[in-house]
Amino acid sequence: MDVVALTEDLVAIPSHRGPDSDESAAGAFVADWLREHTEAAVEHDHHGNVIARKGAGGQSLALVGHHDVVPPDESQVEDTGAYLFDRRDGRLYGRGTADMKGSLAAAMLTFATADPADGELVFASFAGEEQGGEGCRAAIEDGFETDYAVVVEGSTGYSAPGVTDVAVAHKGRRGSTIVAEGEAAHASEVDAGENAIYRATDAVDVVRALEFPTAEVLGHELQGSVAVTEIDGGSAWNVVPEHCDATVDERTVPGERAPLERVEDIAGVSWRVDQDLPPMACGDADFADAVLAAAAGAQDADPEHVVKPHATDAGWLAAAGTDCVVVGAAEPGEAHTATESVSLDVLERCRRIYDGVVTEWLG
């Protein structure tokens, strides 16, 4: 089967989380396909993850993706509930084409045909990536580990349009909430209360004064960011507010975090972390160079080592000790949209890249 046809099969399967839907059918399809087309040991675990292994001894290399997607736009769904897809103008359109069933299909085909001579080749398709990496985290807790991983999220179009690059690092995201408590009073008697909004805005001033953290990965500088993105407080126009929340979005870099805990120096203010998706940094330059060589050999352009601005499952794997890079077909802005699509040529290219990485790294 070619990569585009397999992508279409995957895309047609609804795999978003909702009241009456999840990614279990897509996971079952991936597991059944691997059992039919390989002699590998295939596990479809109770978390919804699909993990397959072949080869033995030496170092281990994983091709890592996910089979869940974000909820589709209504234009991407048939009346039957199946997802729509459409080939036109050299692209495949539909929910999940870019993020990331196209690259997942390429990884499945590479795994099926690979014959590693020196080491173990692992295929992993995780559930719940769009839910903060639920499946990947569960797999790690259950003992999943590999020495190296190619995570097949998008890396195309970073150094130049249409070029499939190799991401050696990406930022993480820490989402948190500043909670300010005060004492309610009638607004005509402001001194009788403690204004929670004032305390929250004092905390916002602390956040605004923080320097953004930075890090360097294989010669590439990453700069994080911190921004207050929402504020919610007050109950009526004539009441001194007793409660106010402010949401903080922090893009984290390897090894550094903004000292947001400083807001708790303000009376009545506390701070809680709601989500913490880790950044990723590849620590093995030889591996990063080998993947770059495979990417260069699969296309006429000159790919580069690049940095992605957002988190992937590579962050969880890296935190668990795996050296990761990110290589995939999606281009910036393609995923999570009503017009999501992927280049057919780039899907074929990614299949060649993954073949080349396995040959280069496992013989």
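The table below lists the values:
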{"read-out": "Residues that are open to solvent by 40 Å² or more (accessible area, probe 1.4 Å) and aliphatic (A, V, I, L, M), drawn from the stretch 188-205", "value": "V190, A192, I197"}
{"read-out": "Subset of the stretch 332-345 that is open to solvent by less than 50 Å² (accessible area, probe 1.4 Å) and under 11 Å from G154 (Cα atoms) - its residue that is modelled with the highest pLDDT", "value": "V342"}
{"read-out": "Members of the stretch 323-349 that are out of contact with any helix residue (DSSP H, G or I) (no Cβ under 8 Å at 6 or more places or on another chain) and not in a helix (DSSP H, G or I)", "value": "P332, G333, T337, T339, S343"}
{"read-out": "Enumeration of residues in the stretch 214-261 that are in a strand (DSSP E or B), within 29 Å of G283 (Cα to Cα), open to solvent by 50 Å² or more (accessible area, probe 1.4 Å) and touching a residue at least 60 places away in the same chain (Cβ under 8 Å)", "value": "H220, R251"}
{"read-out": "Residues of the stretch 262-296 classified as under 28 Å from V217 (Cα atoms), open to solvent by 70 Å² or more (accessible area, probe 1.4 Å) and part of a helix (DSSP H, G or I), total", "value": "3"}
{"read-out": "Number of positions in the stretch 45-64 that are more than 19 Å from T110 (Cα to Cα) and crowded, with 20+ Cβ neighbours inside 10 Å", "value": "1"}
{"read-out": "Residues located in the stretch 299-342, provided they are touching a Gly at 6+ places or on another chain (Cβ under 6 Å) and aliphatic (A, V, I, L, M)", "value": "A311, A329, A330, V342"}
{"read-out": "The stretch 129-155: number of residues that are open to solvent by less than 20 Å² (accessible area, probe 1.4 Å), within 19 Å of A26 (Cα to Cα) and in contact with a Lys or Arg (Cβ under 8 Å, 6 or more places away or on another chain)", "value": "1"}
{"read-out": "Condition met for S75 (of a type outside the set (D, E, K, R) and surrounded by fewer than 20 Cβ atoms within 10 Å (Cβ to Cβ))", "value": "yes"}
{"read-out": "So D302, is it over 24 Å from L109 (Cα atoms) and free of Cβ contacts under 8 Å to residues at least 12 places away in the same chain", "value": "no"}
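The values are calculated or read from the model by the stated rules, or taken from the named source; none is laboratory data. This one's a predicted model, so the numbers in the text were calculated from it and none came from an experiment. For neighbour counting, all protein chains shown are included, and Cβ atoms are generated from backbone atoms with ideal geometry for every residue, glycine included. All accessible areas refer to the heavy atoms of the entire protein, side chains included, with ligands and DNA or RNA removed. Shrake-Rupley method; radii C 1.70, N 1.55, O 1.52, S 1.80 Å.
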